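The values are calculated or read from the model by the stated rules, or taken from the named source; none is laboratory data. On a predicted model such as this, the values are computed, not experimentally measured, just so you know. Cβ sites come from the backbone with ideal geometry, for glycine too, and all protein chains shown count toward neighbours. When the accessible area is computed, the model is the full protein with side chains, heavy atoms only, and any ligands, DNA or RNA have been set aside. Shrake-Rupley method; radii C 1.70, N 1.55, O 1.52, S 1.80 Å.
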Amino acid sequence: MIPSLESMTPVWLNRCLRDSGCGDVEVSRLSARPIGTGQTAGCARLEIDYARNPSNAPRSLVAKFPSADPLSRSSAVAMGLHRREVEFYRDVAPRLSIRLPRCYFLDVDEAGESFLILMEDLAPAAPGDQLAGCSVAVARAAVLELVGLQAPTWCDEVLGARFAEPEDGFFSDMHGLYNRMLPEFVRRFGPRLDPEELDLIERLGASPRAPLFQAVGRPFCLEHRDYRLDNLMIDERCSPPRVTVVDWQGMRTGRPLNDVALCLAGGLDPPQRREAEEDVLREYHRALCAAGVPDFRWDDCWLAYRRAAFAGFGLTVIASVAVAQTDRGDAMFTAMAHRYARHALDVDAQALLG
């Protein structure tokens, strides 16, 4: 049985730590306090005291578990998010070079409703702030970190089939889902956006042949799908900043440039992004090629980046309606919608609507 935060005991944690290679530890006490502002799951920091710690086992861990909000919890189950994240850390992470937290315990029940992940506490690294945005240095580091996810999974047919959106999955009819969520998004966020930004978001819903609604095609790789600052643990004491990627619950087979566009367009204010994006994108392209990705020309990369401009609309419109509403969430989704719309307009993505 998967324990809840309240039912964890020192005896249970002893077994977890010993099974994960921490030696003959003996936990004497543990306590938990909530952290983060997750929309689809809860997180807490576990503080651990030891009666015996021969191997310098961690003094704290981060626990991730189902959201207490019924809407967020039911949405996460419908999308298969909890099961997908456990499968990622258990089955996929060992073959990647992208920087990830170490996991000490992973489990999910058959229905995908109950789950628990105990992972490395990455403090003093801190999560980014999607609302505040980030520096170009952080955005560059985050984009380059994606090479460690994408190059090892580039056009891998086995992984591609395993993690493709199922035919009856939550996102299988992306066009229909987008249009079902769109009226509530427009009601809630329309007054906060510039008219041309809102117009583009609505035009996307009327364009079933837009890239967002088409089959993935080639090239493909594994896609984080929510590659935002809130899902990056950032240590700016390093130069360049060190970025560790968390929240893999939405991972799937997808287009490589989607995560790049979500990061650059969502994390940088439009003037910053306009000045830096081509340089960052060229560096990312060179790193992909150096990592062994074949036959991916710069012109193809730039076109894929333009097509990926719509990925932010799917994330923003659908997620903003599917999760519990909060003041910070509304402010964050407004900022995201504004930045993604300006990006799409700047790269003339509307010409690709069909």
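Dipole of the stretch 225-354 (Lys/Arg Cβ +1, Asp/Glu Cβ -1, origin at the Cα centre): which of 338, 250, 351 lies farthest to the positive side?
Farthest towards the positive pole: 250.
Could you tell me the distance between the Cα centroids of the stretch 62-111 and the stretch 169-222, to the nearest Å?
With the stretch 62-111 and the stretch 169-222 each reduced to a Cα centre, they are spaced 25 Å.
Tally Lys/Arg at +1 and Asp/Glu at -1 over every other residue whose Cβ is under 12 Å from the Cβ of residue 79; what's the total?
Working: positive: 73, 83, 84, 225, 252; negative: 85, 165, 226.
Net charge in that neighbourhood comes out at +2.
Among residues other than residue 242 whose Cβ falls under 13 Å from its Cβ, what is the net charge (Lys/Arg +1, Asp/Glu -1)?
The answer is 0.
Using label points projected 7 Å from each Cα along Cα→Cβ, tell me how many nm separate residue 351 and residue 97, to one decimal.
Computed distance between label sites residue 351 and residue 97 equals 3.5 nm.
Could you sort the peptides 24-34, 122-132 by per-residue average Cβ neighbour count (10 Å cutoff), highest mean leading?
Peptide ranking by packing, descending: 122-132, 24-34.
Given the -39500 (n - 2.57) contribution per DSSP H run of 4+ residues, what per-residue ellipticity at 222 nm results for the chain, rounded to the nearest 500 deg cm²/dmol?
Details: 13 runs with 151 residues, N = 354.
Mean residue ellipticity, 222 nm, calculated: -13000 deg cm²/dmol.
Just to confirm, what accessible area per residue do you get for the stretch 1-123 at 1.4 Å probe, in whole Å²?
49 Å²
Give me the distance in nm between label points sitting 7 Å out from Cα along the Cα-to-Cβ direction at residue 56 and residue 237, one decimal.
Label at residue 56, label at residue 237, 1.4 nm between them.
Net charge within 13 Å of residue 144 by Cβ-Cβ distance, Lys/Arg positive one each and Asp/Glu negative one each, not counting residue 144 itself?
On the way: positive: 99, 140, 242, 282, 286; negative: 145, 259, 279, 283.
In short, +1.
Tell me the carbon and sulfur percent of the accessible area for the chain, rounded to whole percent, probe radius 1.4 Å.
Summing carbon and sulfur atoms, their accessible area is 50 percent of the total for the chain.
When only C-alpha pairs under 8 Å and at least 6 residues apart count, what is the relative contact order of the chain, in percent?
Here the relative contact order equals 19 percent.
Just the accessible area per residue of the stretch 170-232, please: how many Å² with a 1.4 Å probe?
45 Å²
Using the beta-carbon distance between residue 2 and residue 71 and R0 = 22 Å, what value does 1/(1 + (r/R0)^6) give for FRET efficiency, to the nearest 0.05?
Working: r = 22 Å, r/R0 = 0.99.
After rounding to 0.05, the efficiency reads 0.50.
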